[in-house]
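Some notes on the structure that comes next.
Derivation of every value follows stated rules applied to the coordinates shown; laboratory data play no part. Fair warning: this is a prediction, and the values are worked out from it, not measured in the lab. Here the Cβ is made from the backbone with ideal geometry for all residues, glycine too, and neighbour counts use every protein chain on show.
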Amino acid sequence: MEIMSFNTFGLDARLGKSVALLGFEQPTPIQSATIPVALTGQDILGSAETGTGKTAAYLLPAIQKLLAQNAPAQIAPHALRVLVLVPTRELALQVNEQAEALCKHTDLRVAPIYGGVGMVNQEQALKRRTDIIIATPGRLQDHIQRGHVSFKDLQILVLDEADRMLDVGFLPAIRRIVRELPRERQTLLFSATLVPSILSLASEVTYKPTRIAVETTATPPAIEQTLFTVPEHQKTEALQKLLADQEMESVLVFARTKHRADKIVKHLKRANIRADVIHGNRSQGQRVAALDAFRQGKARVLVATDIAARGIDVEGISHVVNYDVPMQAEDYVHRIGRTGRMQATGSAYTLVTPLDEAMVKKIERAVNQKLPRRRLDGIDPNASMFNQPDAEAIRRYVEQQRSQKPSKYASR
Ligand code: AMP
């Protein structure tokens, strides 16, 4: 394929300048595929994972459209014209950050709207008129109900990580929001997977969308993946042994529950390892502080649950450790995609107990390879957990078995 440059899109010079400042030299495949189509005004149904550059793939054409309008007389200055819906506050903040960076040389206003913080500042942002809003559906719906927002001039709707929005139960809120929007608009829908529920949502909210799928191997080849067989009761010890390797500089650890995440951080801190935690029970302030500490290298380890980790966009994560195997094979692919972003290399380590073997098979099918296994010194993979009964492991096993049947992804 011919290598494209951002110049070929004919973007406004102010946008070109921001793109250069962000250090984007060449468009990524999803950007090359999406931007020209989106600039024609067509709807898009795109399948792209986080880490592929999909945010700029929709933000660039959306901002270009606003800049090209030159404030037509019939539209009030800073009327809300672009709405981006995202599943989590973390993603809202990150998309907002990128939108602000791209709008840096323009007078366009951008604001994030998400739950877990006060309404007043957001109400002001909405009332003072803002061109681009990045919102989580639940909180935006609250603002709509209170009459804080007018969509009269809305031109572009973006649904980002639509599959995640459905997973966390935002479908009713999305429907209610879409009912408020002008029918004549451009809709760009992105989802990691195009499962039936997404196709059905697309048929409700888009009009003759162009389908865009970029060739992504299930996992970026740059990520080295290893399984460590450990008995459940030695997981924390195994994690500490792994962390003895100082090359593990910036480590994202996935735990299955908030409680387990807290427990891991407590153990790590006791072992003098700088660690922080991010999960749904923490306040917005705490999450932002934890992410900042991790980004700046003040915390070497960030322990997260799957939902809290959505949208975490931290460059330079050297290692992902699955302290617990995920409940869905797709989550494994999402998790390990947090490292090795944008051509960087990374490693993903997964602690596997005997009860996880069925899930490991599914994961290996999802990534289309048999994953290598290693042992850790001093950890006997055959130490039977039944010698040391572990209620949590048994509960997890039962839950995993239970969750297999009704899974939306079961057929993959
Ligand atoms: P996303 O998939 O949108 O979350 O983007 C993943 C990361 O890639 C972000 O840190 C972006 O800033 C970065 N990125 C996006 N587009 C490009 C590009 N064309 N060149 C280099 N980096 C990019």
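Each other residue within a Cβ distance under 11 Å of Asp107 adds +1 if Lys or Arg and -1 if Asp or Glu, for a net charge of +2. Charge dipole (Cα centre; +1 on Lys/Arg Cβ, -1 on Asp/Glu Cβ; no other charges) of the chain amounts to roughly 880 debye. Counting only lysines at least 8 places from Lys298 when in the same chain, those with an alpha carbon closer than 25 Å to its own are Lys235, Lys241, Lys258, Lys263, Lys266, Lys269.
Summing charges over all other residues whose Cβ lies under 11 Å from the Cβ of Arg310, with Lys and Arg as +1 and Asp and Glu as -1, gives -4. Using only the Cα atoms of segment 223-401, build the gyration tensor, take square roots of its eigenvalues as a ≥ b ≥ c, and label the shape rounded, prolate or oblate: rounded if a/c is under 1.5, else prolate if a/b is larger than b/c, else oblate. Taking the square roots of the gyration eigenvalues as a ≥ b ≥ c, segment 223-401 is rounded. Restricting attention to segment 6-213, the count of lysine pairs at 8 or more positions apart or across chains with alpha carbons under 19 Å apart stands at 6. The protection proxy used here, the mean number of other Cβ atoms lying within 10 Å of each residue, ranks peptides 323-335, 160-172 as follows, highest first: 323-335, 160-172. Backbone geometry of segment 240-249 corresponds, through the Karplus equation with coefficients 6.51, -1.76 and 1.60 at θ = phi - 60°, to 3J(HN,Hα) couplings of 5, 5, 4, 6, 5, 6, 5, 6, 7, 8 Hz, x marking Gly and Pro. Ordering Phe254, Phe151, Phe190 from the fewest to the most neighbouring beta carbons within 10 Å gives Phe151, Phe190, Phe254. In a shell of Cβ-Cβ distance under 11 Å around Asp43, excluding Asp43 itself, what net charge do Lys and Arg (+1) and Asp and Glu (-1) give? Once positives and negatives cancel, what remains is +3. Here's how it looks for Val303: its modeled amide H is under 5 Å from those of Val253, Asp276, Val277, Ile278, which are all 5 or more places away or on a different chain. Backbone phi angles across segment 366-377, fed through the Karplus curve with coefficients 6.51, -1.76 and 1.60 (θ = phi - 60°), yield HN-Hα couplings of 5, 9, 6, 7, 8, 8, x, 10, 9, 10, 10, 3 Hz in residue order; Gly and Pro are listed as x. What you get for segment 6-213, charging only the Cβ of Lys and Arg (+1) and of Asp and Glu (-1), is a dipole of about 540 debye around the Cα centre. Counting only residues 5 or more places away or on other chains, whose amide H sits under 5 Å from the amide H of Asn322 once H atoms are built in the peptide plane? Placed amide hydrogens put Phe254, Tyr349, Thr350, Leu351 under 5 Å from Asn322. Diffusion coefficient of the chain by Stokes-Einstein, Kirkwood radius over Cα pairs, 37 °C, 0.692 mPa s: 146 µm²/s.
For segment 127-135, the Karplus equation 6.51 cos²θ - 1.76 cosθ + 1.60, evaluated at θ = phi - 60°, returns couplings of 6, 7, 6, 9, 6, 10, 10, 10, 9 Hz by residue, with Gly and Pro reported as x. With the Cα gyration tensor of segment 40-139 giving a ≥ b ≥ c as the square roots of its eigenvalues, does the rule (a/c under 1.5 for rounded; else a/b larger than b/c for prolate; else oblate) give rounded, prolate or oblate? Note, shape of segment 40-139 comes out oblate. Amide H to amide H under 5 Å from Glu224: which residues, 5+ apart in sequence or cross-chain, H placed 1.01 Å off N in plane? Those lying under 5 Å, H to H, from Glu224 are Gly346, Ser347, Ala348. Which of rounded, prolate, oblate describes segment 6-213, given a ≥ b ≥ c as roots of the alpha-carbon gyration tensor eigenvalues and a/c under 1.5 marking rounded, otherwise prolate only if a/b is larger than b/c? Verdict is rounded for segment 6-213.
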